[in-house]
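Asker: Shown below is the structure under consideration.
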Amino acid sequence: MTYNLAELPSEEMDKINVDLAAAGVAFKERYNMPVIAEVVEREQPQHLRDWFKECLAMHRINSVNLSRLPYEPKFK
């Protein structure tokens, strides 16, 4: 198995990019950043939208185990 992502076939590369987009949506949701998952989903290739939904669901479930950013009040 090779670790050079540039050597992957374009179909596998597309799946990695869709997974990365799903991870980005889950990250932004986790930290209350503005993001609309449906808009990001529409930007994905038509044949990979189900894959995006699966990855997003997985990342949302896994984010429950992650910590939040530390909160520091602006005014003390």
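Asker: Within the range 1-37, which residues are assigned to a helix (DSSP H, G or I) and farther than 24 Å from N65 by Cα?
Answerer: Correct list: L5, A6, E7, S10, E11, E12, M13, D14, K15.
Asker: Quick check on my filter: what residues within the range 13-31 are modelled with pLDDT of 95 or more and among the aromatic types (F, W, Y)?
Answerer: Residues satisfying the conditions do not exist here.
The values are calculated or read from the model by the stated rules, or taken from the named source; none is laboratory data. Values in this document were obtained by computation on a predicted structure and should not be read as measured data.
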